[in-house]
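Just dropping this structure here.
The values are calculated or read from the model by the stated rules, or taken from the named source; none is laboratory data. Every value quoted in this text rests on a predicted model; they were computed, and no experiment measured them. As a convention, Cβ positions derive from the backbone with ideal geometry for all residues, glycine included, and neighbour counts pool all protein chains shown.
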Amino acid sequence: MVKFKTGDKIKILAGKDKGREGEVEKVFPKVFSLLVPGVNIYKKHVKGMPGKKGGIYEIPRPLSFSKVGLICPKCKKVTRVGFKLMDLEKIRVCRKCKREIDGKGTSKK
Ligand SMILES: [Zn+2]
């Protein structure tokens, strides 16, 4: 079960971009990392070649899951993700406010 999904709001908890917030653009579950636009940029110097412009390219590198925290859409706090089983489906819950992160099953109770 993956803790993060595309479109999640996250906060960087470690590294040079610590404290910054962003939205998950892509998740790489197999390597436990995710891509956030504009965060964890590294600059790559590329030599000019025929057909390719040289210069400095800014490439965002995926961040490890361990370096980011999910911002709960319900309580707006940085939280760890928990899971619970609902209707035979595992859903993500906020460890702080205990509410469902993905909005399923929140309406009636
Ligand atoms: Zn919450």
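Answer yes if at least one residue in segment 27-34 is out of contact with any Leu (no Cβ under 7 Å at 6 or more places or on another chain) and more than 16 Å from Val2 (Cα to Cα), and no otherwise.
The answer is no; no qualifying residue exists.
Are there any strands (runs of 3 or more DSSP E) wholly within segment 1-91 with 3 or more residues that are out of contact with any Gly (no Cβ under 9 Å at 6 or more places or on another chain), and if so which?
Answer list for segment 1-91: 26-28, 33-35, 41-46, 55-60, 68-71, 81-86.
Looking at segment 64-88, I want the residues that are on the phi > 0 side of the Ramachandran plot and of a type outside the set (Val, Ile, Thr) and have a partner that is away from the ligand (no atom under 12 Å from the Cβ) and assigned to a loop (DSSP other than H, G, I, E, B) with Cβ atoms under 8 Å, at least 6 apart or on another chain. Which pairs are those?
Asp87/Gly105
From the residues in segment 67-91 that are loosely packed, with under 14 Cβ neighbours inside 10 Å and at pLDDT 95 or above, which one is nearest to the chain's Cα centre (by Cα)?
Lys76
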